[in-house]
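Please see the structure below; I have some questions.
The values are calculated or read from the model by the stated rules, or taken from the named source; none is laboratory data. No experiment lies behind these values; they were computed from the predicted model shown. Ideal geometry is used to build each Cβ from the backbone, glycine not excepted, and the neighbour counts take in all protein chains shown. Surface accessibility is based on the protein's heavy atoms, side chains included, excluding ligands, DNA and RNA. Shrake-Rupley method; radii C 1.70, N 1.55, O 1.52, S 1.80 Å.
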Amino acid sequence: MQQLSPLDQILSNNNLDADLKEIAGKVSKNERISEAEGLLLFEKADLGFLGILANFIREWKHGDRTYFNRNFHLEPTNVCLYTCKFCSYSRLIKKREDGWEYTLEEMLDMVKAYDGQPVTEVHIVGGVLPQYNFDFYKTLFQKIKEHRPELHVKALTPVEYHYIFKKAKVSYAEGMKAMKEAGLDSMPGGGAEIFHPEIRDEIAGGKCTGEEWLQIHEEWHKLGMRSNATMLYGHIEKFEHRIHHLEELRKLQDRTGGFQTFIPLKFRNKDNEMSHIKESTVVEDLRNYAISRIYLDNFEHIKAYWPMIGRETAQLSLNFGVNDIDGTIDDTTKIYSLAGAEEQNPAMSTEDLVKLIRNVKRKPLERDTLYNIVQDYSDTVFESDNLYRGYVSLPVVNK
Ligand code: V47
Ligand code: SF4
């Protein structure tokens, strides 16, 4: 007798609630679920059920393929005008001398430090300060491209763009066009937090609104360019705010198709103004990945940011809708380690990453930022593997 797939078992389970069964039916037919159904999943679906649905979609879209990239981070400054309550940087504006504010030359030197290394992307993100204005960033992008044209520049978020365009008195459309001409290749997903003003005003008041974040991405997509999206969850928001956030992203993606990847970001509570809030559990993190995968039917990729959640949860997430685990970054990023992320010096070699993926029976593929395959590591043998392969003719040392 043929064995039923996990999803077929759900569909033939007479004890399952009718509303959950209906959602499973929709997933099996590749149909979109509604906002009310998304909320229902958050409120009552258990981890096992969600994992089966999300993994069905993951494997239907990507099979076992699991992507990572080789990138490095540049953070111009860790001082910021804004005071987002979840951010472990924001206090530093009062103690500016404790932070760093790199010059253009210093930043270019940091890029040059990677010369000859097989990185394909630089991810630039940091605090907002007046000296990092429209002209500064245009020049930075131009100079990086002059130095290393093939390096993909994934830089800044609508938080910075909104601020610098306003100061330079240019529209979002003009501003994004100028950034593209200067060498910007794509936009990372940061600054999204939670779009709903009820929550955003409370935790990230003063910076661009949710609507403005979406408008800037829309202008960027209209230029034929790609970007990512994030959601900061697990603090004071309710499930309905998460669904509102996902719905806004899904609507924009229907209009433009410009998003590549959705990255849920788990709130970490160390050393910020929300330290009293308990962090979400691993079960809740996995549920959130799975529901994101189910809800965002028009997003190709769901990414787990391993420095934030740790290596083991990243491995688990590959069964809950995730098909990308970001890059082999090094300790040039401090945003998360300052906030108490799992990884204090988040460096993972390509070998570590490949083995992490292979150990859970998935297929590791190095990609570039736009998901072109750079290398398939399914069968790669690493130098260190040979150490265990029986070079037994080592000289025997007599004591
Ligand atoms: O917008 C800040 C978040 C984001 C905390 O696009 C925090 O490939 C949790 O967007 N706890 C920036 N999160 C990082 C980001 C990102 C990361 C990796 C890949 C990509 C991509 C984008 O970090 C901020 C904010 O939401 N953040 N503080 C904290 N305490
Ligand atoms: Fe500034 Fe970004 Fe931190 Fe907010 S999250 S305080 S905008 S660095």
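Can you tell me the order of 371-384, 143-156 when each peptide is scored by its average per-residue count of other Cβ atoms within 10 angstrom, highest first?
Going from most to least packed, we get 143-156, 371-384.
Counting only heavy atoms of protein chains, what accessible area per residue, in Å², does segment 6-62 have with a probe of 1.4 Å?
51 Å²
Separation between the ASP352 and GLU106 pseudo-spin-labels, each 7 Å from Cα along Cα→Cβ, expressed in nm?
2.6 nm
Moving on to the next point. Quick check: at a probe of 1.4 Å, how many percent of the accessible area of the chain sits on carbon and sulfur atoms?
Carbon with sulfur: 50 percent of the solvent-accessible area.
Pairs of alpha-carbon atoms within less than 8 angstrom and 6+ residues apart define the contacts here; what relative contact order does the chain have, in percent?
Relative contact order, the chain: 20 percent.
Considering Cα pairs under 8 angstrom that are at least six residues apart, work out the relative contact order of segment 6-62 and quote it in whole percent.
This gives 38 percent for segment 6-62.
Highest first, please rank the peptides 192-203, 105-116 by the mean number of other Cβ atoms sitting within 10 Å of their residues.
Ranked from most to least packed, the peptides come out as 192-203, 105-116.
If you don't mind, another one. Just give me a number: lysine pairs in segment 6-62, eight or more positions apart or cross-chain, with C-alpha atoms less than 16 Å apart.
4
Further, regarding this structure: With equal scatterers on the alpha carbons only and no solvent term, can you work out the Debye log10 of I(q)/I(0) for segment 9-79 at 0.13 1/Å?
Here log10 of I(q) over I(0) equals -0.52.
Enumerate cysteines in the chain without a disulfide-compatible partner, where compatibility requires another Cys Cβ under 4.7 angstrom.
Isolated Cys, the chain: CYS80, CYS208.
If you average the alpha carbon positions of segment 262-288 and of segment 159-232, how far apart do those two centres end up, in angstrom?
Centre-to-centre distance over Cα atoms comes out at 23 Å.
Add -39500 (n - 2.57) for each DSSP H run of 4 or more in the chain, then divide by its residues: what number comes out at 222 nm, to the nearest 500 deg cm²/dmol?
Computed ellipticity for the chain at 222 nm equals -12500 deg cm²/dmol.
Another question, then. Radius of gyration and Dmax for the chain's Cα atoms, expressed in Å?
22.0, 79
Same structure again: Where the Cα atoms of segment 58-111 are projected onto their three principal axes, how long is each span, largest first, in whole Å?
Principal-axis extents of the Cα atoms in segment 58-111, largest first: 50, 32, 13 Å.
Taking R0 as 35 Å, what's the FRET efficiency between ASP254 and LYS278 from their Cβ-Cβ distance, rounded to 0.05?
0.50
Dimensions of segment 249-304 along principal axes (Cα, Å, largest first)?
Taking the Cα atoms of segment 249-304, the three principal extents are 39, 23, 16 Å.
Which of the peptides 299-311, 157-169 is most tightly packed, and how do the rest follow, judged by the mean count of other Cβ atoms within 10 Å per residue?
Ranked by mean Cβ neighbours within 10 Å, highest first: 299-311, 157-169.
Which values, in whole Å and largest first, are the semi-axes of the equivalent ellipsoid of segment 158-251 obtained as the square root of 5 times each eigenvalue of the Cα gyration tensor?
Result for segment 158-251: semi-axes of 25, 15, 10 Å.
Rg to Rh ratio, segment 94-166, alpha-carbon atoms and Kirkwood radius?
0.98
Still on this structure, I have one more. Cut-off 15 Å, label point 7 angstrom out along Cα-to-Cβ of ASN30: give me the residues of segment 46-78 whose amide nitrogen falls inside.
So the set is 56-63.
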